[in-house]
Amino acid sequence: MTIDPMWNHEKRAAMRLKGKIALVTGGNKGIGAAVVRRFASEGAKVWSGDISPDLRREFSDDLSGHGKNISFEALDVTSQNSWERLVNKIVNETGKIDILVNNAGIYQRKSIEETTEEEWDKMLTVNTKGPFLGIKVALEALRASGNASIVNLSSTAGLRGSFAIHYGASKGALRLMTKSIANQFAKDGIRCNSVHPGPIDTEMGHAAVPHDQLEERLYQRIPMGRFGTAEEVANVILFLASEESSFVTGSEVVVDGGATSK
Ligand code: NAP
């Protein structure tokens, strides 16, 4: 990896991802959509991969602006074939991938008694095997960058025990996978960090914190007393994706309004 000694305030004021090639999974909505928008506005060419065929739903207002830098693609993160198809397409066009954001994920608010074996398998397959396959398939393209950043969306549920045991297990495993990747591939100019949001104002966030539990789960348990926004998480992901975080790898960044400080 090359360190730019000319890094200065003037440069920081410029677009923070200018010329970067980024792949964001689960980019159709929620945190992923906020990341796709933010990256495009910071000068990256963004490939948004999502399982839903309704690819442009969230972005209809943007496509005349920075949206020109966004390509919408079908991607099922649980399928190696699907990853290979998309990564090959990007590499054929650009020769590399600079940023991989493993954001796609699922959640289910179920106790261990309610969780079936199939639901356990699906949770671990999407949330843990998905990022594993993505990193494995994109590895050569990330090496080709010479200065790449992987950001894995874990959760505060990956740091401490949670009600949904299969979700917590999937996110805890992702946290440690992040550190293994950081160790093994620093020599190839690849950084890898995890982000750990608390409750965020998305479809998933509202499924995790039902309306009748807002008082106890948000107002009492979280010092800042509210949901975070997808944009507040995207800001942190942007920092980790950009060269501003050039000496940060194997780290875990919590975005939770102070919840885990208790
Ligand atoms: P979201 O609103 O549910 O969006 C997730 C996106 O991922 C959806 O577009 C979904 O598509 C897509 N997806 C699901 N399975 C996929 C697959 N197999 N392949 C490709 N795409 C797939 O979730 P979010 O709240 O933005 O969360 C994003 C990430 O942050 C997740 O990893 C989540 O675990 C993590 N996180 C979220 C919170 C929170 O409170 N929101 C807290 C901590 C961590 P469909 O909707 O069409 O299935």
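For this structure, a couple of remarks:
- The range 1-117 holds helices (runs of 4 or more DSSP H) entirely within its bounds, and those carrying 3 or more residues that are under 23 Å from residue 192 (Cα atoms), at pLDDT 95 or above and within 16 Å of the ligand (Cβ to nearest atom) map to 30-41, 80-94.
- Verdict on residue 186 being under 18 Å from residue 247 (Cβ atoms) and open to solvent by 10 Å² or more (accessible area, probe 1.4 Å): yes
- Inspection of the range 169-178 identifies at least one residue that is surrounded by fewer than 22 Cβ atoms within 10 Å (Cβ to Cβ), more than 14 Å from the ligand (Cβ to nearest atom) and not β-branched (Val, Ile, Thr).
- Subset of the range 240-262 [buried (at least 17 other Cβ atoms within 10 Å of the Cβ), of a type outside the set (Val, Ile, Thr) and under 21 Å from residue 192 (Cα atoms)]: 240, 241, 242, 243, 245, 256
- Any hit, the range 146-163, residues being over 18 Å from residue 256 (Cβ atoms) and polar (S, T, N, Q): yes
- If you check 164, 157, 230, 208 for being over 16 Å from the mean Cα position of the chain (by Cα) and near the ligand (Cβ under 8 Å from one of its atoms), only one passes: 208.
- Checking each residue in the range 211-226 for being closer than 15 Å to residue 256 by Cβ and either more than 13 Å from the ligand (Cβ to nearest atom) or open to solvent by 20 Å² or more (accessible area, probe 1.4 Å) (or both) picks out 217, 219, 220, 221, 223, 224, 225, 226.
- The range 71-89 residues that are small (Gly, Ala, Ser), paired with ones that are crowded, with 16+ Cβ neighbours inside 10 Å (beta carbon under 6 Å, 6 or more apart): 71/47; 82/75; 82/76
- Identity of the residue in the range 122-154, farther than 26 Å from residue 187 by Cα and within 11 Å of the ligand (Cβ to nearest atom), that ends up surrounded by the most Cβ atoms within 10 Å (Cβ to Cβ): 127
- Where residue 182 falls short, out of the listed (1) closer than 22 Å to residue 235 by Cβ; (2) touching a helix residue (DSSP H, G or I) at 6+ places or on another chain (Cβ under 9 Å); (3) in contact (Cβ under 8 Å) with a residue 40 or more places away in the chain: (2)
- Residue 200 meets the conditions (1) under 21 Å from residue 250 (Cβ atoms); (2) within 16 Å of the chain's Cα centre (by Cα) in every case but one. The failed one is (1).
The values are calculated or read from the model by the stated rules, or taken from the named source; none is laboratory data. This structure is a prediction, so every number in the text was calculated from the model and none was measured. All Cβ positions, even for glycine, are placed from backbone atoms using ideal geometry, and neighbour counts span all protein chains on display. Surface accessibility is based on the protein's heavy atoms, side chains included, excluding ligands, DNA and RNA. Shrake-Rupley method; radii C 1.70, N 1.55, O 1.52, S 1.80 Å.
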